């Protein structure tokens, strides 16, 4: 059983009980994804699986055999920051930085969800593509907590990344 | 322990015959429910069983496979009867959880506050349970037998849900939590209705988190049938809410829940009738 993480193949552990988050942090020394609550409430462990965001603390690594995972370590292009990473710096979208990897992975997923026209809980109509708005961004970042309260900078960064009409 | 990931339903139910095995799909409830207890039993992952993920339209209704995620529900082209289920789909946890968590898992976990239950009760959903000896169907209301208790017998797993095609109606779901996001419901209400002009021709109302399992309020449904949408709230009577038994817990006290439910029902009816 193998899993691809940031375009690199890894053998999955023999012990199938290990979560995807623990596998990455404790076995592969990929410390970018953070263990905040370890029960699906904080979003600090958010990663992409084949482009869709999930919480790696609530996933058995074995379940993602053959799938492609992207973490914060895999978004920059060498020394060149991912555009959303650069916007987090520019907009001061952080204070302590602990939630930042999860926020950025959610922000990247959020853009593709919006581009595909996926509605959210604040979309006026669940059957048509939503209009980009600050409310849509806030709703779609609601699974990522920031206990420093850096939300305004985070939302500014993601809004700039997503583009479109500001409200 | 052994991790099993069968690709056909026959293999999955055959594994259920053997040693104690825990069935998982998205894992979003399974992990937190464990707490610090180690995993000792075998795990049966049903996410790669052929035909278990997705929504299929049949001439007489819809089939929702047991590995279908909340996001799958939200993205599926479904008629307005499913609007309450779609509204619940985008309020369950966060988008990260909606991408992994399944509707069937929400039902099997059988929390009194499971957001999927009231929208499926008003659709009169049936669950399909599979075992090595065959399959059986049960109304969802009969499947949920108590707090975290279901009618699943040893050797059985949920294969999916059936929803019979109703006369075209509309539906709404209203959830009350202590904050806007990522909360377990204090109370929630799903309403499905069919209008005849401004009158209610048919209505189904289900309430969650106010009794051991979510319940339909059939006496209230009867009282509101034929009523003008705008007059509904004036027809509420204490007798209509007898099936509810709200408790006091860390999220809200019982009198608050009982009071809030009436406001939520009025709101859901208005929203569904829009």
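The values are calculated or read from the model by the stated rules, or taken from the named source; none is laboratory data. Only a predicted model underlies this, so the values are computations on that prediction, with no experimental measurement involved. Quick reminder, even Gly has a Cβ in these numbers, built from the backbone with ideal geometry, and neighbours come from all protein chains shown.
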Checklist entry - For the subset of the stretch B:140-153 comprising residues that are touching a helix residue (DSSP H, G or I) at 6+ places or on another chain (Cβ under 9 Å) and free of Cβ contacts under 8 Å to residues at least 60 places away in the same chain, which member is nearest to residue B:78 (Cα to Cα)? => result B:140
Checklist entry - Out of (1) closer than 30 Å to residue A:126 by Cβ; (2) surrounded by 14 or more Cβ atoms within 10 Å (Cβ to Cβ); (3) at pLDDT 95 or above, the odd one out for residue A:86 is which? => result (1)
Checklist entry - So residue B:96 clears everything in (1) in contact (Cβ under 8 Å) with a residue 40 or more places away in the chain; (2) within 11 Å of another protein chain (Cβ to nearest Cβ); (3) crowded, with 24+ Cβ neighbours inside 10 Å except one condition, right? Which one? => result (1)
Next on the checklist: So, residue B:11, is that one more than 9 Å from chain A (Cβ to nearest Cβ), at pLDDT below 95 and out of contact with any helix residue (DSSP H, G or I) (no Cβ under 9 Å at 6 or more places or on another chain) or not?
Outcome noted: no
Next on the checklist: Among the residues of the stretch B:33-48, are any out of contact with any strand residue (DSSP E or B) (no Cβ under 9 Å at 6 or more places or on another chain), more than 13 Å from chain A (Cβ to nearest Cβ), over 18 Å from residue B:156 (Cβ atoms) and modelled with pLDDT of 95 or more?
Outcome noted: no
Item to check | Conditions (1) more than 30 Å from residue A:125 (Cα to Cα); (2) at pLDDT 95 or above; number of the one not met by residue B:248 | outcome: (2)
Checklist entry - Can we say residue A:135 is over 22 Å from residue B:171 (Cβ atoms) and touching a residue at least 40 places away in the same chain (Cβ under 8 Å)? => result no
Next on the checklist: If I filter the stretch A:32-55 down to residues being facing another protein chain (nearest Cβ under 7 Å) and at pLDDT 95 or above, which single residue comes out as farthest from residue B:33 (Cα to Cα)?
Outcome noted: A:52
Checklist entry - Pick from A:126, A:145: which is assigned to a loop (DSSP other than H, G, I, E, B), without any contact (Cβ under 8 Å) to a residue 12 or more places away in the chain and surrounded by 17 or more Cβ atoms within 10 Å (Cβ to Cβ)? => result A:126
Checklist entry - Does at least one position in the stretch B:122-131 carry a residue that is in a helix (DSSP H, G or I) and at pLDDT 95 or above? => result yes
Checklist entry - surrounded by 15 or more Cβ atoms within 10 Å (Cβ to Cβ) and within 14 Å of another protein chain (Cβ to nearest Cβ): does that describe residue A:60? => result yes
Next on the checklist: Quick check on my filter: what residues within the stretch A:10-27 are at pLDDT 95 or above and surrounded by fewer than 17 Cβ atoms within 10 Å (Cβ to Cβ)?
Outcome noted: A:11, A:26, A:27
Checklist outcome for this item: Of the listed residues (A:107, A:163, A:74), the one being touching a residue at least 12 places away in the same chain (Cβ under 8 Å) and at positive phi is A:163
Item to check | Condition check for residue B:28: crowded, with 20+ Cβ neighbours inside 10 Å, over 23 Å from residue A:15 (Cβ atoms) and within 13 Å of chain A (Cβ to nearest Cβ) | outcome: no
Checklist entry - Could you list, in sequence order, the residues of the stretch B:52-92 that are within 8 Å of chain A (Cβ to nearest Cβ) and in contact with a helix residue (DSSP H, G or I) (Cβ under 8 Å, 6 or more places away or on another chain)? => result B:71, B:74, B:83, B:86, B:87, B:90
Checklist entry - Here are B:216, B:170: which of them is under 28 Å from residue A:120 (Cβ atoms) and either touching a residue at least 12 places away in the same chain (Cβ under 8 Å) or in contact with a helix residue (DSSP H, G or I) (Cβ under 7 Å, 6 or more places away or on another chain) (or both)? => result B:170
Next on the checklist: Filter the stretch B:194-224 down to the residues that are part of a loop (DSSP other than H, G, I, E, B) and in contact with a strand residue (DSSP E or B) (Cβ under 6 Å, 6 or more places away or on another chain) and list them by number.
Outcome noted: B:198, B:209, B:210, B:212, B:213, B:214, B:217
Checklist entry - So which of B:78, B:85 ends up being touching a strand residue (DSSP E or B) at 6+ places or on another chain (Cβ under 8 Å) and surrounded by fewer than 24 Cβ atoms within 10 Å (Cβ to Cβ)? => result B:78
Checklist outcome for this item: In the set A:27, A:67, the lone residue that is within 24 Å of residue B:37 (Cβ to Cβ) and more than 9 Å from chain B (Cβ to nearest Cβ) is A:27
